[in-house]
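All remarks here apply to the structure that follows.
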Amino acid sequence: MADPIDDTGRATLAEAGWSAVEGRDAVTKTYSFANFVEAWGFMSRAAIWAEKLNHHPEWFNVFKTVEVTLSTHDIGGLSELDLKLAQKMDRLAADGE
Ligand SMILES: C[C@H](O)[C@H](O)[C@H]1CNC2=NC(N)=NC(=O)C2=N1
């Protein structure tokens, strides 16, 4: 079972630009890329890491933007896995944004 995130982890997410989701213990961020193919490439790279972590995003792609929401379904809220995946996605996006 994933460890619930602590206040330090929540602050880290906020500092990295992840916003709280209204009405649920989750965070969201929208990435914008040069074009659709770059956005898709990001999703492909992120998908590989999600599988490695066995932790999967909720995401919505329109053209060159990818809206990502992270929460841990097993505990109904934010866990250390969300922080880990968020930081990984931020690094992957920085490579391709
Ligand atoms: C059975 C499988 O390990 C679980 O469903 C994993 C898969 N990926 C997951 N992803 C997310 N975001 N939350 C989970 O609780 C979760 N659980």
*asked:* What's the total number of residues in the range 54-72 that are open to solvent by 20 Å² or more (accessible area, probe 1.4 Å), near the ligand (Cβ under 8 Å from one of its atoms) and within 18 Å of Leu13 (Cα to Cα)?
replied: 3
*Mind checking which residues of the range 74-97 are within 10 Å of Pro4 (Cβ to Cβ) and either at pLDDT below 95 or of a type in the set (Ser, Thr, Tyr) (or both)?*
Ser79
_I'd like to verify a number: residues in the range 22-57 that are among the hydroxyl-bearing types (Ser, Thr, Tyr) and touching a residue at least 40 places away in the same chain (Cβ under 8 Å), how many?_
3
*Which one of these does Ile75 not meet: (1) part of a loop (DSSP other than H, G, I, E, B); (2) in contact with a Phe, Trp or Tyr (Cβ under 7 Å, 6 or more places away or on another chain)?*
(2)
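Just to be sure before I move on: is Glu51 outside any helix (DSSP H, G or I) and either touching an Asp or Glu at 6+ places or on another chain (Cβ under 9 Å) or more than 13 Å from Glu80 (Cα to Cα) (or both) in the structure I sent? Lay out the reasoning, then the answer.
Working: outside any helix (DSSP H, G or I): no; either touching an Asp or Glu at 6+ places or on another chain (Cβ under 9 Å) or more than 13 Å from Glu80 (Cα to Cα) (or both): yes.
So Glu51 fails the test.
Which of the residues belonging to the range 29-38 are part of a loop (DSSP other than H, G, I, E, B) and open to solvent by 40 Å² or more (accessible area, probe 1.4 Å)? Steps first, answer last, please.
Step one: filter the range 29-38 for residues part of a loop (DSSP other than H, G, I, E, B), giving 33-35.
Those that are part of a loop (DSSP other than H, G, I, E, B) and open to solvent by 40 Å² or more (accessible area, probe 1.4 Å): Ala34, Asn35.
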*asked:* Please determine whether any residue of the range 20-28 is within 16 Å of the ligand (Cβ to nearest atom), part of a helix (DSSP H, G or I) and either of a type in the set (Asp, Glu) or surrounded by fewer than 15 Cβ atoms within 10 Å (Cβ to Cβ) (or both).
replied: no
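The values are calculated or read from the model by the stated rules, or taken from the named source; none is laboratory data. Please read these numbers as outputs of a predicted model, since none were measured by experiment. All Cβ positions, glycine included, derive from the backbone under ideal geometry; neighbour counts span all protein chains shown. Please note that ligands, DNA and RNA were not included when accessible areas were found on the heavy atoms of the full protein model with its side chains. Shrake-Rupley method; radii C 1.70, N 1.55, O 1.52, S 1.80 Å.
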